[in-house]
Every structure is written in structure tokens, then in C-alpha cells.
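K.L.:
Got a structure for you, questions after.
The values are calculated or read from the model by the stated rules, or taken from the named source; none is laboratory data. As the structure is a prediction and not an experimental result, all values here were calculated from the model. Positions of Cβ are generated from backbone atoms using ideal geometry, with glycine treated the same way; all protein chains shown enter the neighbour counts. Protein only, heavy atoms only, side chains kept; ligands, DNA and RNA dropped before computing areas. Shrake-Rupley method; radii C 1.70, N 1.55, O 1.52, S 1.80 Å.
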Amino acid sequence: MRALRSATVRSTTDPDELREIQLTKLRAGLAEVLAANAFWRDRLHDVRGWGDFERLPLATKADLLADQAAHPPYGTNLTYPLERFVRLHQTSGSSGDQPLRWLDTAESWDWWLKIWAEHVYHAAGVKAGDRVFFAFSFGPFVGFWSAFGGAQRLGALCISGGAMTSEQRLRNMLDLRATVLLSTPTYALRLADVANELGLDLRGSDVRVTIHAGEPGASIPAARGAIEAAYGATCFDHTGMTELGPTGHSCSQRDGIHLIEPEFIFEVLDANGNPSDEGELVATNLGRWGMPLIRYRTGDRVRWSRERCSCGSPFVKLLGGIRGRVDDMFTVRGVNLFPSQVEDIVRRYPEVVEFVIERRRERQMDEVSLVIETVAGNFSTERLEADLRQALGVRLKCRVAERGTLPRSEHKAKRIRPAGS
Ligand SMILES: [Zn+2]
């Protein structure tokens with residue numbers, strides 16, 4: 001029955017049918033949650049129709065962190081006894097928060113892998129015969145493990161790049177003739193930089209697909225272009241969160257991300273909490289009932305379109321992918337900007353290998369400058385400053401940092417930092 005339903009969902013193109021499937025899944029899961037989950041029991045009410053759903057309160061990461069702090073170590077968002085859970089992961093803590101712990105049951109882990117195999121890898125054209133290299137350290141962060149498990153489920157050969165230097169990873173990829181690379185977009189460019197220094201030929205390698213997550217880079221045209229030029233491969237984006245699961249993947253039209261609607265309910269809300277085409281993405285997962293999230297504010301700023309996509313996907317599209325984190329937005333002389341907009345200019349310069357946006361508050365104003373690291377020592381910032389000014393409408397001062405002084409990350413790169421740090 002479950003297999004049959006899943007087959008129907010993949011092929012459904014009717015929005016009403018999709019909504020019906022979502023509501024059925026939600027109601028079945030919610031019945032268990034309301035009966036046994038202390039975190040949600042008092043916050044939620046029974047949902048009979050969409051009107052009831054829209055009256056459910058929104059939840060934030062701060063709510064979850066506070067709950068885990070008050071009820072260590074896992075908090076009260078548990079629908080089942082602890083014995084039912086088989087995996088523990090945690091968020092990266094990259095935003096400076098305490099890491100959030102997250103548990104999965106065997107069923108919810110299987111749900112993760114199924115979405116990777118049937119949606120994310122499927123969209124990128126990754127198949128059973130592929131050799132997939134994971135350029136990650138395999139710590140407690142869930143992304144690597146779910147991507148690895150999903151590729152294995154697909155029947156691909158999965159190669160861990162844990163506990164390796166960048167050079168070792170490159171030599172492994174080449175020696176083992178990997179066809180697919182998974183990494184953050186920044187780290188893919190870092191690997192390309194190292195390959196360049198070592199004289200290794202990435203363009204001539206077997207890598208034909210790269211899949212990236214953790215940062216918006218693969219949906220930023222200039223960053224995607226830089227990765228594709230370095231590898232001679234097609235670059236795909238994937239969105240997801242430790243707390244929520246894998247939520248989306250690049251559209252083959254290359255102008256956005258399709259959200260995996262059979263497995264989540266997505267909403268976009270404006271600053272007043274009203275439905276909008278542009279605002280914060282809010283999500284409810286429909287396959288992780290041991291530790292579920294209902295109307296969770298992702299903190300991701302998006303614009304979406306329900307217009308039918310020419311790629312054939314019936315699912316809603318985030319135009320241009322995730323534009324940025326709501327809390328990463330900065331303001332220069334009244335203009336609201338996201339690091340991704342700066343990255344789209346910076347990545348047009350192959351000489352630039354790393355960058356960071358420095359922000360200092362002066363007289364209630366953001367004073368922002370861009371610090372870059374380049375391959376050659378004699379890079380003139382004038383042209384870059386002019387391009388930034390033209391694209392963003394405001395002036396950003398650029399400064400060249402010494403080679404090797406900006407932070408390197410194989411995880412989420414921090415693109416904004418306070419000046420002086
Ligand atoms: Zn599409």
C-alpha cells in the first residue's frame with residue numbers, strides 16, 4: 001500500500017490531488033503526535049481541513065533550542081520512546097547557536113534516503129552505475145550521511161572522502177574515476193584551486209555531475225559557472241535542513257529549485273505572517289513523525305512561482321533558489337542585500353579564490369566592505385568595485401587579503417563577519 005501510494009505521488013501532476021495527499025499524510029501523522037508528543041501536544045489542534053492547518057502556530061529554531069536546553073539532552077519533541085530511534089545527528093551550529101540534536105527512527109531514515117534517491121539524485125541524472133565521491137569529513141552533521149545512504153540505496157558506488165586532505169580527496173577522485181562529486185559549492189571551488197596548484201586535470205576527469213548543499217552557491221549563476229568550468233561537469237543544487245529533511249533540488253531549466261511537495265507542506269509568508277510569493281519559507285515534514293516539525297520557519301528567504309514549469313515538474317519552484325538567510329541580510333545605504341548577490345559578482349572573477357563580507361555598525365548604519373583572496377598578488381580591485389556598484393546599486397569597498405588568510409571551510413562558509421574578527 002505504501003509503495004503504491006508513493007508511485008502515485010511521483011506521477012501526480014494534479015495540484016488538488018497533491019493537496020489531498022498532503023492532508024491525508026498530515027492527518028495520519030498528527031493523530032500520533034497529538035497523542036504522545038509533549039512538545040507539540042499543547043501547541044497544536046486537530047486538523048480536518050486546510051483552514052485548521054493555517055491556524056496552527058509557527059515554530060522556530062529558538063523554540064526548539066529552548067526546549068532542548070530545558071529538557072536535555074533531546075528535548076520533548078519525541079513522539080515515540082527513545083528505543084524507537086536509531087540515529088542521532090545535530091545541526092552544524094554555524095550560526096553561533098548551540099547545535100540542535102535530531103533523532104531519526106528506522107522509518108524516518110528510510111524516508112530521507114528515499115527522497116535522496118527518487119528526487120535529488122533522480123533530478124541530477126545520477127544512476128546505479130555512478131561512482132559518487134563525498135568530499136566531507138562525516139561528522140555529526142546529517143547531510144553527508146543521508147546523501148551517502150541515498151546514493152547507496154540507488155545502487156551507486158559510494159566513496160567516503162572523510163579524514164582526508166584536499167589533495168588526498170582529489171587524488172582519490174581521480175584514481176577511483178568518480179563520476180559524481182558531492183560537497184559544498186565553496187569547497188568544490190577550493191578543491192579546484194588546489195587541483196590547479198598541483199597541476200591535476202579536473203576537466204579531463206570522469207566527474208560529470210556535481211551536487212551541492214549547505215550554501216546557495218550552486219543556484220548562483222556565476223558560482224555555478226565557475227564550478228562547471230573547473231570540472232567540465234553539470235552542477236546541481238540541493239536544499240535541506242537537519243531539522244526538516246531534504247526539501248528540494250535544481251530544476252533542469254536551471255533557474256530555480258523545485259520543492260519536494262509530496263513529502264512536505266511548504267508555505268511562503270511575509271513579515272506579517274500572511275501568505276505571499278516572496279518571504280520566509282515555512283515547512284512541515286510529512287515523513288518524520290518521531291521528531292516532526294509543523295509549520296517550521298526555516299529562516300530562508302525565497303520567492304516562488306506556482307506556474308507550471310517547462311521542465312515537467314509539477315512542483316512549486318523557488319525562483320533563483322534560496323536567496324539567503326533572513327538573518328544574513330545586510331543593509332548598505334538603505335539597500336537590502338544578501339551575500340548571494342555579492343557572490344554572483346565575485347565568482348565572475350576566476351582570480352578570486354575566497355571572499356568574506358565584513359560588516360561594522362557605525363552610527364546605526366552598516367558599513368560594509370568586501371575582503372577577497374586572489375591567486376595572483378597584483379589584483380586590482382577597481383573593476384570588481386565598479387561591477388559590484390553597477391549590480392547592487394551601492395558602493396562596496398574591496399580589500400585584498402594575503403593568500404591563505406581567509407577561513408577555509410568544507411562545511412557552510414561564513415560569508416559575513418564583523419570587522420576586526
Ligand atoms: Zn522545472
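K.L.:
How big, in percent, is the set of alpha carbon pairs in the stretch 336-376 lying more than 17 Å apart?
P.N.:
35
K.L.:
With r as the distance between the Cβ atoms of Met164 and Ala38 and R0 = 30 Å, compute the FRET efficiency 1/(1 + (r/R0)^6) and round to 0.05.
P.N.:
Step by step, r from the Cβ atoms, then E = 0.10.
K.L.:
Each residue of the stretch 242-251 in turn: what ³J(HN,Hα) in whole Hz from Karplus with 6.51, -1.76, 1.60 and θ = phi - 60°, glycine and Pro shown as x?
P.N.:
3, 6, 9, x, x, 9, x, 7, 4, 7
K.L.:
Counting each DSSP H run of 4 or more residues in the chain as -39500 (n - 2.57), what helix-only mean residue ellipticity at 222 nm follows after dividing by all residues, to the nearest 500 deg cm²/dmol? Walk me through the intermediate numbers first.
P.N.:
Numbers: 12 runs with 128 residues, N = 421.
Computed ellipticity for the chain at 222 nm equals -9000 deg cm²/dmol.
K.L.:
Right, here's the next one. Stretched out fully, how many nm does the piece from Glu83 to Asn274 gain, at 0.36 nm a residue minus the Cα gap?
P.N.:
64.8 nm
K.L.:
Between Glu402 and Arg203, what length in nm is gained on full extension when 0.36 nm per residue of separation is reduced by their alpha carbon distance?
P.N.:
68.9 nm is the gain from fully extending Glu402 to Arg203.
K.L.:
Using the Cα atoms of the chain to build a convex hull, what is its mean projected area in square nanometres?
P.N.:
Working: hull surface 84.4 nm².
The number I arrive at for the chain is 21.1 nm².
K.L.:
If we restrict to alpha carbons, what Rg and Dmax does the stretch 176-235 come to, in Å?
P.N.:
10.5, 30
K.L.:
Something else now. As an exercise, find the ratio Rg/Rh for the stretch 365-416 from alpha-carbon atoms, using the Kirkwood inverse-distance average for Rh.
P.N.:
So for the stretch 365-416, dividing Rg by the Kirkwood Rh gives 0.99.
K.L.:
Note down the accessible area of Thr405, probe 1.4 Å, to the nearest 10 Å².
P.N.:
Rounded to the nearest 10, that gives 80 Å².
K.L.:
For the stretch 35-152, what is the Kirkwood estimate of the hydrodynamic radius, computed as the reciprocal of the mean inverse distance between distinct Cα atoms, to one decimal in Å?
P.N.:
16.7
K.L.:
Along the charge dipole of the stretch 304-345, which of Ile345, Phe330, Trp304 sits closest to the positive end, that is, farthest toward it, with unit charges on the beta carbon of Lys, Arg, Asp and Glu (+1, +1, -1, -1)?
P.N.:
Of Ile345, Phe330, Trp304, it is Trp304.
K.L.:
Next question, about the same structure. For a quick check of understanding: with a 1.4 angstrom probe and all protein chains in place, what accessible area in square angstrom does Asp206 have, to the nearest ten?
P.N.:
50
K.L.:
Which order do the peptides 124-135, 63-74 come out in when sorted by mean C-beta neighbours inside 10 angstrom, highest first?
P.N.:
Put in order of decreasing packing, that is 124-135, 63-74.
K.L.:
Separate question: Decide, for the stretch 237-373, between rounded, prolate and oblate: order the square roots of the alpha carbon gyration tensor eigenvalues as a ≥ b ≥ c, take rounded if a/c falls under 1.5, and otherwise choose prolate if a/b is larger than b/c, else oblate. Please report the intermediate quantities before stating the final value.
P.N.:
Working: a/c = 2.03, a/b = 1.55, b/c = 1.31.
Taking the square roots of the gyration eigenvalues as a ≥ b ≥ c, the stretch 237-373 is prolate.
K.L.:
Right, another one. Give me the accessible area per residue for the chain, probe 1.4 Å, as a whole number in Å².
P.N.:
Value for the chain: 44 Å² per residue.
K.L.:
Based on the mean of other Cβ atoms within 10 Å per residue, sort peptides 157-170, 183-196 so the most packed one is first. Don't jump to the answer; show the numbers that get you there.
P.N.:
Details: 157-170: 16.6, 183-196: 22.5.
The packing order, highest mean first, is 183-196, 157-170.
K.L.:
Same structure again: Might you work out the accessible area of Phe379 for me, using a 1.4 Å probe with all protein chains in place, and round it to the nearest 10 Å²?
P.N.:
30
K.L.:
Taking the simple approach of a point 7 Å from Cα along Cα-to-Cβ for both Ala69 and Met329, what is their distance in nm?
P.N.:
Between Ala69 and Met329, the label points sit 2.5 nm apart.
K.L.:
State the volume of the convex hull built on the alpha-carbon positions of the stretch 314-385, expressed per residue in Å³ and rounded to an integer.
P.N.:
Looking at the stretch 314-385, the number lands at 129 Å³ per residue.
K.L.:
Would you look at the GNM of the chain, springs on alpha carbons closer than 10 Å, and say which of Asn378, Asn77, Asn172 moves the most?
P.N.:
Asn378
K.L.:
Here's a follow-up. I'd like the Karplus ³J(HN,Hα) series for the stretch 349-356: coefficients 6.51, -1.76, 1.60, θ = phi - 60°, whole numbers in Hz, and an x wherever there's a Gly or Pro.
P.N.:
Karplus values, whole Hz, x for Gly and Pro: 9, x, 5, 7, 9, 8, 8, 8.
K.L.:
Considering only protein heavy atoms and a 1.4 Å probe, what is the carbon-and-sulfur percentage of the accessible area of the chain?
P.N.:
C and S atoms contribute 49 percent here.
K.L.:
Additional query: Hey, what do the phi angles of the stretch 275-283 turn into as Karplus ³J(HN,Hα) couplings, whole Hz, using 6.51/-1.76/1.60 and θ = phi - 60°, x for Gly and Pro?
P.N.:
Going residue by residue, I get x, 8, 7, 9, x, 8, 7, 10, 9 Hz, with x marking Gly and Pro.
K.L.:
Another question about this same structure. If all Cα-Cα distances of the stretch 301-421 are sorted into 5 Å bins from 0 onward, what percent lands in each bin, rounded to whole numbers?
P.N.:
Binned Cα distances yield the sequence 2, 10, 18, 21, 18, 13, 8, 5, 4, 1, 0.
K.L.:
Starting from the Cα-Cα distance between Asp14 and Glu382, subtract it from 0.36 nm times their residue separation and give me the gain in nm to one decimal.
P.N.:
Full extension from Asp14 to Glu382 adds 127.3 nm.
K.L.:
Ordering Cys311, Cys398 from largest to smallest accessible area (1.4 angstrom probe), what's the sequence?
P.N.:
Details: Cys311 45, Cys398 15 Å².
Final ranking, largest accessible area leading: Cys311, Cys398.
K.L.:
Let me ask you something else. Please list Lys397, Lys61 from largest to smallest accessible area, probe radius 1.4 Å, with all protein chains kept in place. List each step's numbers first, then the result.
P.N.:
Values: Lys397 120, Lys61 45 Å².
Ranked list, largest accessible area first: Lys397, Lys61.
K.L.:
Shifting gears a bit: D for the stretch 187-313, whole µm²/s, Stokes-Einstein with Kirkwood Rh over alpha-carbon pairs at 37 °C and 0.692 mPa s: what number?
P.N.:
Estimated diffusion coefficient is 201 µm²/s.
K.L.:
Then there's this: Once the mean 1/r over all distinct Cα pairs of the stretch 124-175 is inverted, what Kirkwood radius in angstroms do you read off?
P.N.:
The Cα-based Kirkwood calculation yields 11.4 Å.
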